[in-house]
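Everything below concerns the one structure shown next.
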Amino acid sequence: MFRFELLHEDPSGARLGRLHTPHGTIDTPCYMPVGTQASVKAVTQRDLREMDAQIILANTYHLAMRPGEELIRRAGGLHRFMNWERPILTDSGGFQVFSLAGLRKVEEDGVTFQSHIDGTRHFFTPERAIAIENALGADIIMAFDECSPYPCDEARAQAAAERTHRWAARCKSAHTREDQALFGIVQGAFYPRLRRESAKALTDMEFPGYGIGGLSVGEPKAVMYEMLPIVTDLLPREKPRYLMGVGSPDCLLEGALRGVDMFDCVLATRVARNGTALTGRGRLVVRNAAHAEDYLPLDEGCGCYACQNYSRAYIRHLFKAEEILALHLISIHNLHFLLALMKDARAAIAQDRFAAFKADFFAQYGTDGLGKF
RNA sequence: UCCUCAGUAGCUCAAUGGCAGAGCACUCGGCUGUUAACCGAGUUGUUGUAGGUUCGAGCCCUACCUGAGGAG
């Protein structure tokens, strides 16, 4: 049921592909909006359909804590529960174990941690994570991994990567639904040797797709860009690669250039709620006083609902007045911006002009992939 | 006309006679597999006015100004 078609490779190294899932197809490279708790914050599923989002994310850890995977199973699965008939990908909760710094203990069998909601103690294992993901019913599910921090010494990074491999094998054994594609996750922190070993170990397990994890955890972008080709060169060409948690406009293009097919990121929706719009000319902090009487749309030439109907001055007013509509409008714009950017990127790849497309984008965006000229 | 109370940052208010502060507002910065409509930083003063006491006054004394309440 799950199939990846590699349609074309641009001279730059960027790939054009198509993912087939039980709930529809996804053109790659793609940006996936994040709906951690079965909701992409501040927008409706109708908004997501209108901006042509082909797939969204949800999170295993959050949904297991609340409302609980059994409730969602009884509700008919995640798609039906949240009224999203297109593909869904669930993250395993491995990253939450890493980011919820509060009481947690990582052992070979699994991870003991406290819920950030009510402090109750829980034990997640690879088997438990997969059981939850099976209950939720997403089209693509992620293996339960151990994400290393930055910086991280080599011995610790190696231990985490090797444990991630053993857990990946356990996830594969525990996985029961053939209509869900289970992706393994490459770790290895910032050590080329560990990244290569991780890519190889997971490739040997033959997953239908591969996540690249443990990046964008505080390291300089140059370091992330250095790690990417080391991994993508070793992963099987005909399988999709998903760079987890990455999604600033510049990183999307730099990632695609290095052979990444899928991205997800909370950045677009988070900065939106904090008053910043992503535009072709860089980030626009629309909450700033400079826009009090700025009657241009957030991004000139943008076709999104917010830009077609409202000015920066109005949206800034809404933001300063703490009107919830501000968060809705900027979120719609930012998501639309990244989805449209990837659509344009795909068109460029199809015509073998991705390198020029990227150069043109950065010339307008006012930065290179490292965040400055 | 008299009595009482109160005047401190844009607002609401702190500050045993000993470096004039907080919250909010405002300004700016940050945000990358969401513990985030969040976090951080910064600007703002003839302490109502004029005198006096004191080594030193936002604070004590005098007069005046303004506001609120009360009496007539």
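A few points about this structure:
- Residues (crowded, with 24+ Cβ neighbours inside 10 Å and closer than 26 Å to residue A:67 by Cα) located in segment A:2-33: A:32, A:33
- Residue in segment A:33-45 that is touching a Phe, Trp or Tyr at 6+ places or on another chain (Cβ under 8 Å), touching a residue at least 60 places away in the same chain (Cβ under 8 Å) and of a type in the set (A, V, I, L, M) present: no
- Reported count of residues in segment A:207-233, each being outside any loop (DSSP other than H, G, I, E, B) and near RNA strand B (Cβ under 8 Å from one of its atoms), is 2.
- Filter result for residue A:293 (more than 25 Å from residue A:52 (Cα to Cα) and in contact with a His (Cβ under 9 Å, 6 or more places away or on another chain)): no
- The helices (runs of 4 or more DSSP H) falling completely within segment A:267-363 that include 1 or more residues that are within 10 Å of RNA strand B (Cβ to nearest atom) and either of a type outside the set (A, V, I, L, M, F, W, C) or touching a residue at least 40 places away in the same chain (Cβ under 8 Å) (or both) map to A:267-273, A:312-320, A:324-350.
- Checking each residue in segment A:234-248 for being in contact with a helix residue (DSSP H, G or I) (Cβ under 8 Å, 6 or more places away or on another chain) and more than 9 Å from RNA strand B (Cβ to nearest atom) picks out A:234, A:235, A:236, A:241.
- Residue A:36 satisfies every condition listed in (1) of a type in the set (S, T, N, Q); (2) in a strand (DSSP E or B); (3) within 14 Å of RNA strand B (Cβ to nearest atom) except (2).
- For residue A:297: the one exception among (1) over 26 Å from the mean Cα position of the chain (by Cα); (2) more than 11 Å from residue A:329 (Cβ to Cβ): (2)
- Candidates A:163, A:193 - the one that is farther than 26 Å from residue A:253 by Cβ, surrounded by fewer than 23 Cβ atoms within 10 Å (Cβ to Cβ) and touching a residue at least 24 places away in the same chain (Cβ under 8 Å): A:163
- Filtered by the rule that a residue be in contact with a helix residue (DSSP H, G or I) (Cβ under 8 Å, 6 or more places away or on another chain), of a type in the set (D, E, K, R) and under 25 Å from residue A:14 (Cβ atoms), segment A:256-282 gives A:258, A:281.
The numbers here are math on the coordinates, done by the rules we state, and not lab data. Treat the numbers as computed from the prediction; the structure is a model and nothing was measured. Methodologically, a virtual Cβ is constructed for each residue, glycine included, from the backbone with ideal geometry; neighbour enumeration extends over all protein chains shown.
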